[in-house]
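A.B. asks: I'd like to ask some things about the structure below.
Bear in mind these aren't lab numbers, they're just calculated from the coordinates by the rules spelled out. All of these numbers come straight from a predicted model, not from anything done at the bench. Don't worry about glycine lacking a Cβ; one is built from the backbone with ideal geometry, like all the others, and counts go over all protein chains shown.
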Amino acid sequence: MKTRFVLIETSHAGNVGAAARALKPMGFDALVRVRPRGPNVLRQAETNQRARGALDVLGNARVVETLEEALDGISHLCATAMTPRDFGPPTRTPRQHFELLLSGALDVLAAPDEADAPDEAAPPTDASVSAPAPAPRCNQSGVAFLFGCERFGMSNDDVYRSDVALSIPSNPQFGSLNLGAAIQVVAYEWRQALGGFPVVEHTPAPQRADAAQVAGMLGHWEQALAHIGFLDPAAPKKLMPRLNQLFNRSQLTAEEIHILRGVAKAMLQSTPPKR
């Protein structure tokens, strides 16, 4: 679904860079700035530092003078407002609202425009999920998330024209999020609602040691423990079987077997045998 993030009268250069940096990992790249207060923000060092790795999103961000221009082709507006209004759209958490929106439970405000190219592509579904998620039944042509300026937030008029006021659940004693953090939370929740990205396992599964390797290591340790006098070969009691159970519960890997045999070798070489 077409997705757009709109910054209204943003003044801090770092926040613009942080916005771009928040969007790219979530697979979004449509950023629009309405009447930005900071001049030449793209040339400031802080902007580029905060957008590290997402300079393409930053460079492609549009600048417009009116909110109407920013919302061209968008049918569903989500304001982000922490301060309750006397009247206006309903207030919901992002997760709650996105579930209603994509399930088709909300009133249909506009029919989808198939000729309108999307601003971002939906991610592939996770192949590990046994049953595919049902296709969204939302009939919106596009969704825009509106963020107000750092000092005053969104104006009442901009909130009133929106379909919902999104409120991020936070500490009642200190619920204020900076702009970059708020964008990151909303972008993450929206991406998850659309299906999310599969988690890629980067750490290879460790190779489990086989029985022969464990037995060889135990034999090595038996020699070393007898060498330092901890084990009496004439009266071993149950020391080695207990160690065997201990190592079995640990589910040792082949690399860990090498480490333990290295410890046994060091014991044999570093101390004289005790009689």
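A.B. asks: Going 7 Å from the Cα of Phe87 in the Cα-to-Cβ direction, what parts of region 147-162 have a backbone nitrogen less than 16 Å from that spot?
C.D. replies: From region 147-162, the list is 156-162.
A.B. asks: Another one. Per 10 Å bin, what percent of the C-alpha pairs of region 211-270 does each bin hold, from zero upward?
C.D. replies: Over region 211-270, the share of Cα pairs per 10 Å bin runs 23, 55, 22, 0 percent.
A.B. asks: Shifting gears a bit: Order the peptides 193-204, 159-170 from the highest to the lowest mean number of other Cβ atoms within 10 Å of their residues.
C.D. replies: Going from most to least packed, we get 159-170, 193-204.
A.B. asks: Highest mean first, what order results for 58-71, 227-240 on Cβ atoms within 10 Å?
C.D. replies: 58-71, 227-240
A.B. asks: Go ahead and estimate [θ] at 222 nm for the chain from helices alone: -39,500 (n - 2.57) per DSSP H run with n ≥ 4, summed, over the residue count, rounded to 500.
C.D. replies: Result for the chain, helices only: -11000 deg cm²/dmol.
A.B. asks: Let me ask another. Please report, in whole Å, how far the alpha carbons of the chain spread along each principal axis, starting with the longest.
C.D. replies: 90, 45, 39
A.B. asks: Let me ask you something else. Out of residues 5 or more away from Ala81 or on other chains, whose amide H comes under 5 Å of its own, with H placed 1.01 Å from N in the peptide plane?
C.D. replies: Those lying under 5 Å, H to H, from Ala81 are Leu166.
A.B. asks: Right, another one. Return the single residue from Gln207, Gln184, Gln173 with maximal mean-square fluctuation; model: Gaussian network over the chain, springs between Cα atoms under 10 Å.
C.D. replies: Fluctuation is largest for Gln207.
A.B. asks: Could you rank the peptides 92-101, 242-251, 27-36, 13-22 by their average count of other C-beta atoms within 10 Å per residue, with the highest value first?
C.D. replies: 13-22, 27-36, 92-101, 242-251
A.B. asks: While we're looking at this one, here's another question. How much length, in nm to one decimal, is gained on full extension between Glu150 and Arg37, taken as 0.36 nm per residue of separation minus their Cα-Cα distance?
C.D. replies: 39.6 nm
A.B. asks: Quick one: if the Förster radius is 35 Å, what FRET efficiency do His202 and Asn171 give, using the C-beta to C-beta distance and rounding to 0.05?
C.D. replies: E(calc), rounded to 0.05, equals 0.60.
A.B. asks: Multiply the residue separation of Tyr160 and Asp56 by 0.36 nm, subtract the distance between their alpha-carbon atoms, and state the gained length in nm to one decimal.
C.D. replies: Full extension of this stretch gives 34.2 nm more.
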